[in-house]
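Below is one structure, written out as structure tokens, with a few remarks after it.
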């Protein structure tokens, strides 16, 4: 690009999305001989792996968020733009915002995924998912409000429905949510109410496949299920949800229709690619996979457009192993850093071998003192796995001012089993609840089980 | 009260409102030979004196909130009800909720105050006030979004309006807000933007009377104004706001109409009694003062109803000094504790002398290292006053799990001048902002001054 003075202006990199992929790509280009524009709809980076702790009242939104401008302010070649990309023009090399266009020499798309209800979008309101801070606050409101509503309810059957929580999806998020709600009901809140006994709470985790944590080794899945049972969670596998109303969850288990009266259902089942995948497909002809992720080349670019890259959860990278890389933070981080290296190399006229992911293992927490960790060479469970989980999460909160605060908050919660962040907030939250409470109460016809 | 078995059931105390007055009354009745029902619309006690730190991105809502059930769970004679009192029947001694009635032997009303726009309720949207967590999050959204909008704005005049903040009201809240915004603009955010220079931010504090902090000794008012000027805040006294639009604040100063283009105006001027004052007046004939507060007897009861008490900001107590007691936390706490003592004495057939307030002094923070403190026997300013302020606030966060966390957060912010909690949240916050940004931009006709 040549500017008005006739001198060469720096290579322009536009990065869309400030999640793990976008942020790490941006940071790795700090002080490089390029100008970077990071565009995000939000003004903060979100540490999504801990979102369930906001949803269950352990951490505050700011504990797991960090202002993008704050993280990047020391790099003078990086500009942050709080805005939304609605289209792109790969021929004239521009991204299109609502009221302006931004030219790029290299473009990195890292807009991630959102919930996927498998064609049942009406479940959005009856079974909220967990991707944003607002999602987490809405879950928090519903969880704590359910106990308040139960305390006021005099009909035993309706009270029981308020004390029943169904979590759909047995992946890490579902397992972590179920474990955290169990600790709430059976520990934190156990002396807080006068009319209800929170130890009667039913927490049902439904998974469609034959075991929870399906991407993990089977022995860890079994261990996780045992730990959840010990915490008081009922796990049902091979259970496909067929309907979710305000008060009843219907599912098919081994061909049998079952129903459970539950006022709180949480969605942790499916994700689909963000809308930028579709935009890219329309503008460049790139192929998308079944859930709309962009099928990328070995260097994370898209066919025919060596200067457009897709990274993180939005990318379908199938050049390593027999499955595409999973949608987890370490993959996004490594992809972001790879792209930064690639762009710098290219500017020097050099090349870089294709991207390869170094698997650092996977881990999921089940509850206080209990987690499962698969490091490939070793599998851990129980307290040692929990400590590993804490260590890894603190380590990766490295961007965060509040790493120390989060550690202390965890330490405090650990010893007191308290949850300071269990506020019910939102304009008119009481009124809303009263409407919720009055909502169409429906009685289940086939009875599902929840051992208490 | 005699229950069905014919035995005497315990004295029933109903307390409405879980602020400082209601909470301290409730706690002081823990394990007393009474049954207490604390009714609040929210499930948490809010430490209102620190609300401005949420509004300016230093603390998170949960840092200054504590779940009422958590605080009170160890007292088995106390029941918490998340509900709203809409009426009362002093003849049959019942408070009336939306769907039930609760009988009382003693009733304590502590529902506080809300904003008062002096008959200009249309300013609610153009100049939000600061009483609830939701108010604070809305202020935080507007403050941080104003900088984002300025960064995108290309018209210098409109950009300037985004960088202009007007705070209406020079009491402690106004002074604290103005000081905190100055620190944001001139310290925290100074390297965060690329198109704007945040040191050009204008922060105007308007006060109707002839000095800020009017209830304080004049020398402290003068000191506070000097400190604010040093921080970069323009203070204008004898300035009465006459209109607040989306983009222009109009005010009268020494008989002269002045106008300033400002996209962010914050209300810290007036309060009025909550609606329970009016309900009490209708049902008992008690007199209200000019702002709707209930004029109470020397023992905080209301005339003719020795078992109905009003405490905290809702009470107008004029039996000590030449002015009614101010609406501050220490007054509410002492009133709450007095009522608990009085109820316990009465049950034993004893009496208690009228309520007297022990003034522990007043204090307001201006910014990092600067505050004013009036302890009666000594007046402090500057860094020593700031330390006193920190100490007192930490001490009174005694109910809070998170006292240590808040202290560390403050320590961290103090040394790094960072603000971790500057998230812009709320569903559709970006879209909302774009609408805000497009809003009716109006050019001021008479020009007010803001020295930068």
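Applying the selection to region B:146-173, what residues are modelled with pLDDT of 95 or more and either not assigned by TED's automatic domain parsing to the domain that holds residue B:129 or not in a helix (DSSP H, G or I) (or both)?
B:163, B:164, B:165, B:166, B:167, B:168, B:169, B:170, listed by residue number.
Given (1) at the interface with another protein chain (Cβ under 10 Å from one of its Cβ atoms); (2) modelled with pLDDT of 90 or more; (3) under 15 Å from the mean Cα position of the chain (by Cα), where does residue B:45 come up short, assuming only one miss?
(1)
Keeping to region B:112-128, report how many residues are touching a helix residue (DSSP H, G or I) at 6+ places or on another chain (Cβ under 6 Å) and away from every other protein chain (no Cβ under 14 Å).
Residues flagged as touching a helix residue (DSSP H, G or I) at 6+ places or on another chain (Cβ under 6 Å) and away from every other protein chain (no Cβ under 14 Å) within region B:112-128 amount to 3.
List the number of the failed condition for residue A:382; all other conditions in (1) modelled with pLDDT under 80; (2) in contact with a strand residue (DSSP E or B) (Cβ under 7 Å, 6 or more places away or on another chain) hold.
So the condition that residue A:382 fails would be (1).
Across region B:293-314, what is the number of residues that are surrounded by 16 or more Cβ atoms within 10 Å (Cβ to Cβ) and without any contact (Cβ under 8 Å) to a residue 60 or more places away in the chain? Give the derivation first.
To start, the set of residues in region B:293-314 that are surrounded by 16 or more Cβ atoms within 10 Å (Cβ to Cβ) comprises B:293-297, B:299-302, B:305, B:307-314.
Filter once more, so that each one left must be without any contact (Cβ under 8 Å) to a residue 60 or more places away in the chain: B:295-297, B:299-302.
Count: 7.
Looking at region A:63-70, can you tell me whether even one residue there is in contact with a strand residue (DSSP E or B) (Cβ under 7 Å, 6 or more places away or on another chain), without any contact (Cβ under 8 Å) to a residue 24 or more places away in the chain and either more than 25 Å from residue A:294 (Cα to Cα) or within 14 Å of chain B (Cβ to nearest Cβ) (or both)?
no
What is the one condition in (1) part of a strand (DSSP E or B); (2) at pLDDT below 95 that residue B:309 does not satisfy?
Only one criterion is unmet by residue B:309, namely (2).
Being touching a strand residue (DSSP E or B) at 6+ places or on another chain (Cβ under 7 Å) and assigned to a loop (DSSP other than H, G, I, E, B) is true for just one of A:119, A:129. Which residue is that?
Result: A:129 is the single residue among A:119, A:129 that is touching a strand residue (DSSP E or B) at 6+ places or on another chain (Cβ under 7 Å) and assigned to a loop (DSSP other than H, G, I, E, B).
To keep it simple, each residue is scored yes or no on (1) surrounded by fewer than 24 Cβ atoms within 10 Å (Cβ to Cβ); (2) in contact (Cβ under 8 Å) with a residue 40 or more places away in the chain; (3) closer than 21 Å to residue B:425 by Cβ.
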{"site": "B:120", "(1), (2), (3)": "yes, yes, no"}
{"site": "B:131", "(1), (2), (3)": "yes, yes, yes"}
{"site": "B:172", "(1), (2), (3)": "yes, yes, no"}
{"site": "B:187", "(1), (2), (3)": "yes, yes, no"}
{"site": "B:191", "(1), (2), (3)": "yes, no, no"}
{"site": "B:195", "(1), (2), (3)": "yes, yes, no"}
{"site": "B:198", "(1), (2), (3)": "yes, yes, no"}
{"site": "B:201", "(1), (2), (3)": "no, yes, no"}
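For region B:77-90, which positions are within 8 Å of chain A (Cβ to nearest Cβ) and not in a strand (DSSP E or B)?
Within region B:77-90, B:83, B:84 qualify.
Please find, among A:241, A:291, the residue that is within 24 Å of residue A:209 (Cβ to Cβ) and assigned by TED's automatic domain parsing to the domain that holds residue A:341.
Within the list A:241, A:291, the selection yields A:291.
Considering (1) in contact (Cβ under 8 Å) with a residue 40 or more places away in the chain; (2) over 18 Å from residue B:107 (Cα atoms); (3) assigned by TED's automatic domain parsing to the domain that holds residue B:335, say which one residue B:265 fails and leave the rest.
Failed condition: (3).
Is region B:174-189 home to any residue that is closer than 29 Å to residue B:364 by Cα, in a loop (DSSP other than H, G, I, E, B), out of contact with any strand residue (DSSP E or B) (no Cβ under 9 Å at 6 or more places or on another chain) and within 14 Å of another protein chain (Cβ to nearest Cβ)? Spell out how you get there, then give the answer.
First, pick out the residues of region B:174-189 that are closer than 29 Å to residue B:364 by Cα: B:174-189.
Now restrict to residues that are in a loop (DSSP other than H, G, I, E, B): B:189.
This time we only want the ones that are out of contact with any strand residue (DSSP E or B) (no Cβ under 9 Å at 6 or more places or on another chain), so: B:189.
If we keep only those that are within 14 Å of another protein chain (Cβ to nearest Cβ) too, we end up with B:189.
Yes - at least one qualifying residue is present in region B:174-189.
The values are calculated or read from the model by the stated rules, or taken from the named source; none is laboratory data. Note that the structure is a prediction, hence the values are computed from the model and not measured. Because the Cβ atoms are built from the backbone with ideal geometry, glycine has one as well, and the counts that use them run over all protein chains shown.
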